[in-house]
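Below you'll find the structure, written out as structure tokens, and then a few comments.
The values are calculated or read from the model by the stated rules, or taken from the named source; none is laboratory data. Since the structure is predicted, the reported quantities are computational estimates derived from the model, not experimental observations. Positions of Cβ are generated from backbone atoms using ideal geometry, with glycine treated the same way; all protein chains shown enter the neighbour counts. Protein only, heavy atoms only, side chains kept; ligands, DNA and RNA dropped before computing areas. Shrake-Rupley method; radii C 1.70, N 1.55, O 1.52, S 1.80 Å.
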Amino acid sequence: MNHLELEQEIGKMAIAMMSRNSLIGKDLIADLRGRLSVDSLAALMIVSMERLIWSDCESVIWSLSYLIPADVMEEIRRITALVVCQRLMGKGFVLGKDFSIDGTGQLMLSENAKTAVVVA
């Protein structure tokens with residue numbers, strides 16, 4: 001998929017999320033599953049949500065609750081946990097002391113690390 005096609009698919013997904021129509025969103029996800037890996041689909045969903053978060057936060061919340069399949073949601077969690085860990089380490093926080101990840105991929109943060117994540 002080239003950059004133009006990727007941008008078009010991100011736009012379509014953002015519109016599907018804004019419509020809050022699960023049939024449209026699920027059809028689009030099914031089509032994308034045939035062309036993208038789960039991690040690429042998760043990344044596309046993250047970018048689509050990022051496009052909406054400032055203008056239509058409720059559509060993002062709806063999408064997280066009703067649209068995104070479990071395997072894609074798990075990959076989104078994995079991607080975001082990695083990014084949060086990288087940013088925390090970049091700010092001087094220590095893995096195992098200030099934050100960690102349990103066996104299920106749940107991010108555990110000290111109060112200082114929580115504050116850093118929220119402020120960032």
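Things worth noting here:
- Tyr66, sole failed condition from (1) surrounded by 15 or more Cβ atoms within 10 Å (Cβ to Cβ); (2) touching a Ser or Thr at 6+ places or on another chain (Cβ under 8 Å); (3) touching a residue at least 40 places away in the same chain (Cβ under 8 Å): (1)
- For the range 80-120, the set of residues classified as in a helix (DSSP H, G or I), of a type outside the set (Ser, Thr, Tyr), within 25 Å of Leu64 (Cα to Cα) and open to solvent by 70 Å² or more (accessible area, probe 1.4 Å) consists of Leu82, Gln86, Arg87, Lys114, Val118, Val119, listed by residue number.
- Boolean, Val83 is among the aliphatic types (A, V, I, L, M) and without any contact (Cβ under 8 Å) to a residue 12 or more places away in the chain: yes
- Members of the range 59-94 found to be within 22 Å of Ile15 (Cα to Cα) and aromatic (Phe, Trp, Tyr), listed by number: Trp62, Tyr66
- Test: residue in the range 72-82 that is hydroxyl-bearing (Ser, Thr, Tyr) and out of contact with any helix residue (DSSP H, G or I) (no Cβ under 9 Å at 6 or more places or on another chain): no
- In the range 16-44, the residues that are of a type in the set (D, E, K, R) and at negative phi: Lys26, Asp27, Asp31, Arg33, Arg35, Asp39
- Taking the criterion of being hydroxyl-bearing (Ser, Thr, Tyr) and either open to solvent by 60 Å² or more (accessible area, probe 1.4 Å) or over 16 Å from the mean Cα position of the chain (by Cα) (or both), the residues of the range 1-44 that qualify are Ser19, Ser22.
- If you check Ile68, Ile76 for being within 21 Å of Gln106 (Cα to Cα), part of a loop (DSSP other than H, G, I, E, B) and of a type in the set (A, V, I, L, M, F, W, C), only one passes: Ile68.
- In this structure, Gln106 qualifies as within 30 Å of Arg20 (Cα to Cα) and of a type in the set (S, T, N, Q).
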